[in-house]
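The block underneath contains the structure these notes are about, expressed in structure tokens.
The values are calculated or read from the model by the stated rules, or taken from the named source; none is laboratory data. Since the model is a prediction, treat every value here as computed from it, not as a measurement. Don't worry about glycine lacking a Cβ; one is built from the backbone with ideal geometry, like all the others, and counts go over all protein chains shown. Ligands, DNA and RNA are excluded from the accessible area calculation, which covers all protein heavy atoms including side chains. Shrake-Rupley method; radii C 1.70, N 1.55, O 1.52, S 1.80 Å.
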Amino acid sequence: MTTPYPALFAPIDLAGRSLRNRIVHASISTIMADRGRVTDRLVRYYATRGAGGAAMVVTEPVASAPHQTMPSRPRAYDDAELEGLSGWADAVESTGCRLIGQIQDAGRGRHIPGRNLAAIGPSPLPDDLSWTVPRVLSTDEVASLVDAFADTSARLQRCGFSGVELSAGHGHLFHQFMSPLSNIREDRYGGDFAGRLRILTDLVAAIRSACGNGFILGIKMPGDDGVPGGIDIAMACRIGRTLADLGAVDYICLAQGAHHRSLELHTPDDHFPRVPFLPLVKSFRQSVPEVALMAIGRITDPAEAEAILSNGHADLVGLGRPLITDPSWPEKARAGRAREIRYCVSGNMCWQRVVNHLPLACDNNPRVAEPDERTGPVTPARVARRVVVVGAGVAGLEAAWVAGVRGHHVTLIGRSAEVGGKARLHAALPGSESISSVYDYQFEAARRAGVRLELGTEASVAGVLALKPDAVVLATGASMIWPRSLPTALQAEGWIPDLRTAIPGLLRTRGRIGAMALLLDIDHTEATYGAIELLASRFDRVVVVTPREAVAQDVPLVGRQGIQRRLHALRIDLRLLAELHVPADFESDSRVEIRSVFGGELQRIAEIDFLAYSTPRRPDDELAGPLTAAGLPVHRVGDCRIPGTLMAATASGSEIGYAL
């Protein structure tokens, strides 16, 4: 088969083992193991990526030594799990895909609040996020850990794995040993560059001794950890040069960020450019040309991957989040069907779930690890019914196309002439464009499924009943709640809009609008901060008032870090733990007062050109009662059921599409 991406689909050999193309599923935790045991769901997740065309998949970190007791990590150090590990390897390798187990220890690193009292590390220095101070490993304990990791690697080899990857980036334990900022020990595992690197070089030698040369050994290491005085690209090249000289490493993958304010570099979002770390990859390639190099970091499109490979910048491309979203990304690209790929939106809600120890899920793929994840709905409806979906946002679109594929006769009514609903508005804000891929995919899927689209139409009870539906899906969204701190008399006047109502006018206006904008933020989700960046481009000064103790509290940490950094750069005036008081004659007076939630004096702000609020939402479900009274089964999805995230919207739409 001729492919439009010849470099991407050229085979390559690693450790004498052939890979059918250059696409690697980069490691990400699934939280699908059960008390350390390999489960059917976990195996299905990885086997589905292999069946979708990936040449190699790197597992989530496996439990590689007895002290790693997290129940969500498959126990690879334990002979009691040989059957589960062997079944996992067989399921993936039988698809023609290489399975690589990841060896990792977080050390002192921790993403969530609270200290890790079981943390280990090279030195008694705190983690830069959780401030955990680890128990310092003795020289003998480090050597024992190396032996345990090598034993686990040999066990994985016996079970049919093609290799292992040592996770020495992201601020994890090996990274902590390598960085002069976290390793101040003076024994053989510290003291100078060679000493700091010794835990890794010893482990490479031990794995080669235990597993031989026909076993793939990869290393994920920092290209630039973003920590002043840590590991920058110059030191990364020096580390890479040392590893290459060992002659025992088959590939190197560069990762960015650490357990620090630079954690956001780990999973770059839409505020980063496409393929943001390519300059680091190119620099590293010049220093270490002889070892296969894997590029990772917001590579979402086949054309991007092809350019990296065809220009010789790397030999492999690591796709983590894109293959969560669409496990058939490789086979669609190979067949020239890139337009059919369900694209990653880089929102990092997948990351948020796994760090909170919840099973992996995706904004744009509600069927992660389900049996029909690659094929789509394969079970037709028992009886074809007339289904009316009211609302053309992402929840309604998902419900409509899934129900249509299953054989129902679906009519979708949308108030706007365009699909997407509030997600379309969000996608127009700074750093949010990728969200458009959600409703773009759904729209095409709905058309292919034969869904009848009535856009630009206001749904009414009479209009819905006229269609004689057997069931109705309400996907009518939600509206922001009027803040309790504002006078109710002003609500009817319309002088203070909710942020969603105000955004379209701001987008239509180009250039400076006025001197000062003020926003009351009780929402704390991504769209609010995209709108604040938009306000900063239209007003000389932006003041944000929130009763909460910090901003972006409902955003994943990796995204919250970027928001905080950008708000600082834009000089946004943040008033935390504050309440907003607005006089009843605001429109003519244009002044407000701010006071701490704990009381005290009021501070007056005058001459405000723009004032809006962003708050939690209430469902717009006014049609539900009358339609139910008319005897129709009514199903609420998305924000109409309960206001939530993009992930919740697509998931609820999918759920009802399968249930009808």
Could you say which residue among Phe174, Phe215 is touching a strand residue (DSSP E or B) at 6+ places or on another chain (Cβ under 6 Å), closer than 23 Å to Ala26 by Cβ and either surrounded by fewer than 18 Cβ atoms within 10 Å (Cβ to Cβ) or modelled with pLDDT of 95 or more (or both)?
-> Phe215
May I ask you to verify whether Ser138 is in contact (Cβ under 8 Å) with a residue 40 or more places away in the chain and farther than 15 Å from Met70 by Cβ?
-> no
Residues of region 33-75 satisfying the condition of being among the polar types (S, T, N, Q) and surrounded by fewer than 21 Cβ atoms within 10 Å (Cβ to Cβ) = Thr39, Gln68, Thr69, Ser72
Please work out which residue is nearest to Arg158 (Cα to Cα), limiting yourself to region 84-115 and to residues that are assigned to a loop (DSSP other than H, G, I, E, B) and hydrophobic (A, V, I, L, M, F, W, C).
-> Cys97
Name every residue in region 76-108 that is in contact (Cβ under 8 Å) with a residue 40 or more places away in the chain, open to solvent by 40 Å² or more (accessible area, probe 1.4 Å) and more than 23 Å from Arg374 (Cα to Cα), in order of residue number.
-> Tyr77, Asp78, Asp79, Leu82, Ser86
Hey, can you tell me all the residues within region 23-54 that are more than 22 Å from the chain's Cα centre (by Cα) and not in a helix (DSSP H, G or I)?
-> Asp34, Arg35, Gly36, Arg37, Val38, Thr39
Every residue from region 277-301 that is assigned to a loop (DSSP other than H, G, I, E, B) and either open to solvent by 20 Å² or more (accessible area, probe 1.4 Å) or under 30 Å from Arg339 (Cβ atoms) (or both) = Phe277, Pro289, Glu290, Gly297, Arg298, Ile299, Thr300, Asp301
Mind counting the residues in region 459-472 that are in a strand (DSSP E or B) and out of contact with any Leu (no Cβ under 8 Å at 6 or more places or on another chain)?
-> 0
Out of Glu601, Glu587, Glu607, sole residue that is open to solvent by 60 Å² or more (accessible area, probe 1.4 Å), in contact with a Phe, Trp or Tyr (Cβ under 6 Å, 6 or more places away or on another chain) and either at positive phi or not polar (S, T, N, Q) (or both) | Glu587
Set Asp585, Asp620, Asp609, Asp573: member being more than 18 Å from Thr528 (Cβ to Cβ), within 30 Å of the chain's Cα centre (by Cα) and acidic (Asp, Glu) | Asp620
Number of the exception - Ala466 against (1) more than 26 Å from Arg424 (Cβ to Cβ); (2) within 32 Å of the chain's Cα centre (by Cα) = (2)
Any pair with Cβ under 6 angstrom, 6 or more apart, that starts in region 117-130 at a residue that is of a type in the set (A, V, I, L, M) and ends at one that is open to solvent by 50 Å² or more (accessible area, probe 1.4 Å) | Ile120/Arg135
Looking at Ser123, Ser153, which is the one that is open to solvent by less than 10 Å² (accessible area, probe 1.4 Å), among the hydroxyl-bearing types (Ser, Thr, Tyr), touching a strand residue (DSSP E or B) at 6+ places or on another chain (Cβ under 7 Å) and not in a loop (DSSP other than H, G, I, E, B)?
-> Ser153
Please list, ordered by first then second residue, the pairs with beta carbon atoms under 7 Å, 6 or more apart or interchain, first in region 454-467 and surrounded by 14 or more Cβ atoms within 10 Å (Cβ to Cβ), second part of a helix (DSSP H, G or I) and of a type outside the set (Gly, Ala, Ser).
-> Val461/Pro626; Val461/Leu627; Val464/Leu627
Unique residue being surrounded by fewer than 17 Cβ atoms within 10 Å (Cβ to Cβ) and touching a helix residue (DSSP H, G or I) at 6+ places or on another chain (Cβ under 9 Å) when the list is Gly414, Gly450 = Gly450
Taking His408, is it more than 26 Å from Glu533 (Cβ to Cβ), surrounded by 21 or more Cβ atoms within 10 Å (Cβ to Cβ) and of a type outside the set (Phe, Trp, Tyr)?
-> yes
So which residues in region 418-431 are open to solvent by less than 50 Å² (accessible area, probe 1.4 Å), in contact (Cβ under 8 Å) with a residue 24 or more places away in the chain and closer than 22 Å to Asp620 by Cβ, if there are any at all?
-> Val419, Gly420, Gly421, Ala423, Leu425, His426, Leu429
Any hit, region 218-233, residues being β-branched (Val, Ile, Thr), under 32 Å from the mean Cα position of the chain (by Cα) and in a loop (DSSP other than H, G, I, E, B) | yes
Among helices (runs of 4 or more DSSP H) completely within region 482-549, the ones holding 3 or more residues that are surrounded by 16 or more Cβ atoms within 10 Å (Cβ to Cβ) and at negative phi are 499-508, 526-536
Those residues that are surrounded by 21 or more Cβ atoms within 10 Å (Cβ to Cβ) and either in a helix (DSSP H, G or I) or polar (S, T, N, Q) (or both), I need them from region 329-347; list them, please.
-> Trp329, Pro330, Ala333, Arg334, Ser346
Spot the failing condition for Thr645; the list is (1) in contact with a Gly (Cβ under 9 Å, 6 or more places away or on another chain); (2) open to solvent by less than 40 Å² (accessible area, probe 1.4 Å), and only one is missed.
-> (2)
When Arg274 is evaluated against the numbered criteria (1) in contact with an Asp or Glu (Cβ under 7 Å, 6 or more places away or on another chain); (2) assigned to a helix (DSSP H, G or I), which criterion, by number, is the only one it fails?
-> (2)
Which pairs do you get when a residue that is farther than 18 Å from Leu309 by Cβ, found in region 319-336, comes within reach of a residue that is crowded, with 24+ Cβ neighbours inside 10 Å and of a type in the set (D, E, K, R), reach meaning Cβ atoms under 6 angstrom, with the pair 6+ apart or on two chains?
-> Pro327/Arg49
Only one of Pro359, Pro380, Pro371 is surrounded by fewer than 22 Cβ atoms within 10 Å (Cβ to Cβ) and without any contact (Cβ under 8 Å) to a residue 40 or more places away in the chain, namely Pro380
Filter region 235-270 for residues that are assigned to a helix (DSSP H, G or I), over 23 Å from Arg108 (Cβ atoms) and either free of Cβ contacts under 8 Å to residues at least 40 places away in the same chain or open to solvent by 30 Å² or more (accessible area, probe 1.4 Å) (or both) and give the result.
-> Arg238, Arg241, Thr242, Asp245, Leu246
Which number in (1) farther than 16 Å from Arg73 by Cβ; (2) under 23 Å from the mean Cα position of the chain (by Cα); (3) not β-branched (Val, Ile, Thr) marks the one condition that Ser144 misses?
-> (2)
